[in-house]
1. Out of the total accessible area of the protein assembly as shown (probe 1.4 Å, heavy atoms of protein only), what percent is carbon and sulfur?
2. To one decimal place, what orientation-averaged projected area in nm² is obtained for the convex hull of the Cα set of segment A:283-371?
3. Within chain A, what percent of beta bridges assigned by DSSP are antiparallel, to the nearest 5?
4. Using the Karplus curve 6.51 cos²θ - 1.76 cosθ + 1.60 with θ = phi - 60°, what ³J(HN,Hα) values do you get for each residue of segment A:110-127, in whole Hz, with x for Gly and Pro?
5. When we measure straight from the Cα of B:LYS236, which lysines land under 22 angstrom away, once same-chain ones fewer than 8 places off are left out?
6. Starting from a Cα-only point model with no solvent, please compute log10 I(q)/I(0) by Debye for chain B at q = 0.07 1/Å.
7. Using the heavy atoms of the protein chains and a 1.4 angstrom probe, tell me the accessible area per residue for chain A in square angstrom.
8. In a Gaussian network model over chain B where Cα atoms closer than 10 Å are linked, find which of B:VAL28, B:VAL11, B:VAL200 has the largest mean-square fluctuation.
Amino acid sequence: MLRIINGKVYDPVNRIHGEIRDICIRDQKIVEGPLPPETEIIDAKGCVVMPGGVEIHSHVAGAKVNNGRMLCPEDSADHFRAHTEILRSGCNGVVPTTFLTGYEYARLGYTTLFEAAVPPLKARHAHEELRDTPILDTGCYTVMGNNYLVMKALNEPDEISRREKLMGVVAWLLESTRGYAVKIVNPGGVENWKWNRGLVDLDTPVPPFDVTPRMIMTGLARTAYELKLPHPIHLHTNHLGEPGNMAYTLETMKALSGSRAHFTHLQFHSYDKSKRGGFASGAVAIAEYFNNHPEFTCDAGLIVFGPTMTMTADAPMEFSLHQMKGGKWSNLDIEMETGSGVVPIKYQPDSLVNAVQWCLGLELMLLINDPWRVFLSTDHPNAGPFTSYPLLIKLLMDRDFRMSWYEMLHPKVKEYTCLHDLTREYSLEEIAIVTRSGPARALGLKNRGHLGAGAYADVAIYPFFDDKQKMFSSASYLIKDGRVVVRDGAIKESFSGRALGLELPVKGELAGDLKEYFEQYSTVAFSNYRVEEEYTPRPELIRCG
Amino acid sequence: MDQELKVHSDVICTFCGCLCDDIEVEVVDNRISKVKKACMIGRNKLMHAQSNNPDITIAGKPTSLDAAINEAVNILTNARFPLVYGLSSTTTEAQREMVEIAEILNATIDNPSSYCHGPGLMARQQVGLSSCTLGEVKNRADLVIFWGCNPLESHVRHLTRYSVSAKGMFHPEGRKSRKIVSIDIRPTPTTKSSDWFIQVTPGNTFEIATLLRALVANNPIGKGDDALIAGVAVSKWRELAEMIRGCKYGVIFFGLGVTQCRGRDINVEQLAVLVSEINNHTRFYAMAMRGHGNVAGGNQVMTWQTGFPLAVNFSRGYPRYNPGEFSVIGLLARKEVDAALIVATDPGAHLPADTGDHLKNIPVIYLEPHNNPTTEWATVVIPVAQAGVAASGTYYRMDNVPLRVKKIVDSDHLSDEEVLKRIKERITHAQNY
Ligand SMILES: [Zn+2]
């Protein structure tokens, strides 16, 4: 048992806006109190108390992440930690090793973490790494946007049987991979690239099943709804990173309007085109559309200046990035499912493109009115490492600080962005929403992201400073499941978190022809495909519906 | 007495990097009695998996498991420069324990890839690699090039399951619709079954890859068509370059003939750049012909836990990477290590004799299911339940697809993972008192 006293509590779900409140913890949960007098007390005087952070989109575990580590040993040269009696060693400042990933997130006050893109065939790998990512509860999204079984089911002419088959495939994929959500990455576009064809638009038929990106996205959105998944489709749309892609993103939003959808790293999809064909911010138009569609959520994908690494299932995007930049390029095509690529990158303030990207991400977060629908992310490590969150929080909360950075950007950035005109500053309450309460709600996690009775006792306590970067750079305390993991800014205990999965309303079963198809063309036997329960030793299944 | 027959299907053969997962195994009274579908080597391995187990010994004398583990802990905690080595033929679950033991001991850890496909990993660190899973080869590849490898003898079912005669989605005819090219220094069964065998002079991999880069890009090469590169006329190489540009989905499988010939990592680097540049024209990939069952998994585990796939030293408490300085062969040749924990590899058979000899002069703890050259001289021998036969766990195929190998019979022995956990716990205990 534990009582946190004297802290200023920010618990937006329960409408507590910075009031001094006691938080009572019994076993793994938050309780009403009172607790017996001998209960251990944490005095949070001068501190801010929030629910543990919830990371909705990050690349931390699995094949492409490890590919990234393997690709750049140089990122470890000045970034390493020795082991202690409690902690494992680790290294790499861009794509930290698994243990270090858990420790660093914990120090930032996070307690729940989702790996954003897992190809089904490599799901065991992701779970193996998540098992070695301590402290946080973790889950992963299953990549489906170029999956043959999905596309074959969508190719079914009869509407009813199409819906049934698709539902069977999606449930089967989620079950087989122990995934939490349906991830779509460049739907149809990755498969098209494997045929050495060009970029796809909403209505481009994609071989070998002649289904279109529109059919894939709307079909999966509907299936996610029918399966009552706690999180809707998690969508990385086509045309990532192209100037002018804003128009395409708006078209995609129109195609999906009316159904729930999460648009991930929206910054990368919101570019207007300058007269010369270069990058300009499309934040105003995107935010305007988005503000009027309460069925959508998004995460920002904010840029952090410095070296980092792009990694995505969007293999064609990585290939064109490599063609543009030269240098290292890793690629992995995955049979019948997807591709993936890894390319190191460095974002620079004096590059006009990077400067526009930097402004655009912040503009989105400032122009989207409802903090419950836009979340803090760097699409770690694509737009920057997650360890930069404290800096980004300060940029959101402090306009003077933001403008001091703005002054250092490429001088022409003003012509292509509107950041200069935005005066909004995030409040602590809004920060609590975009880093924990909002993502928890979007993910359908009812016992996380708030501090009401019955919630998991996942609590972050930050020392109050006017300098918000300093304030959020290291939690004074982190309580996970009622255990004090971080004390005085140092990790005192480490253990395995839970593996978040789904309790689906139907059994995942492949229709006969799809199963036959799988058996004929996969190199893994049907019976060896499904991830066994050994890979999630501490499961927590969230009920759909 | 009735004999109990159990038939296990879709069993995964752990012998080579193919990890064929369609094997049928019959077990009668806990003995493997029949193996179907596997290649000769795989079948032999499975049929003999339960025989020829070593005794638990210290200095050749039989002892108890408890005493052997205590002696192991004693040796490791008293060593000044211990080496943890192997990892290639056991589960990732055991490999994870090995990395942790190395870390607790501030030891050095390495795996056999440092003298097999390690140069390929180092090349990837320089330039990356465009690769794919084996199913992509089966379903899509219309051009397959075997370079410095002989899968017909080393990865027997690779050709029928994945790369040559496999009937894929877009190649329903299998062998007929694929072009198979071999590049090697001598004829082998694989080169004989290829459509085109390009016999090259030894040690010229780098030159060949460089020439192909120029030809694929249509760059001038300053040599006539009759000039010889690696003993083969430029006109022939031009033909190959045309074939490469003309294919829809091509794959190079490369073996030790590429990674271990003169130039080593820069060969693979040049090959990787070639493959990368071919993608300006068509889809093209390369894959290392990984040998031992889970050597790929060892690289993965080391990378996610330490940041590096091989040759890692923990003497400062954090992982440092330096192939050469921290590679098994160099460490042994320089006689730097003073104790070794070896799991799931046979240094007595695989390491060059003169380097391996140093191991005979230092205390060695050896976990292994079967008698082999190393069990003859290792200081502490601990027999273990063989992964994929008497123990389950994760293996990574040569294309890094992870599969779960199964336990199909019971063993009197613990698995590598279980023994290593006990060793780890006692080391921690010993260090704290
Ligand atoms: Zn992402």
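The values are calculated or read from the model by the stated rules, or taken from the named source; none is laboratory data. Given the structure is predicted, the values throughout are model-derived calculations rather than measurements. Virtual Cβ from ideal backbone geometry, glycine too; neighbours counted across all protein chains shown. SASA here: full protein model, heavy atoms, side chains in, ligands and nucleic acids out. Shrake-Rupley method; radii C 1.70, N 1.55, O 1.52, S 1.80 Å.
1. Values: 16430 of 33490 Å².
Of the solvent-accessible surface of the protein assembly as shown, carbon and sulfur hold 49 percent.
2. If I average the Cα hull's projected area over directions, I get 7.4 nm².
3. On the way: 42 of 78 bridges.
Once the DSSP bridges in chain A are tallied, antiparallel ones form about 55 percent.
4. Per residue, the Karplus-derived 3J(HN,Hα) values read 9, 10, 9, 8, 10, 6, 8, 7, 10, x, x, 5, 10, 4, 4, 4, 4, 5 Hz.
5. B:LYS179, B:LYS192, B:LYS223, B:LYS248
6. Evaluating at q = 0.07 Å⁻¹ gives log10 I(q)/I(0) of -0.37.
7. Working: 17840 Å² over 545 residues.
In whole numbers, chain A has 33 Å² accessible per residue.
8. B:VAL28
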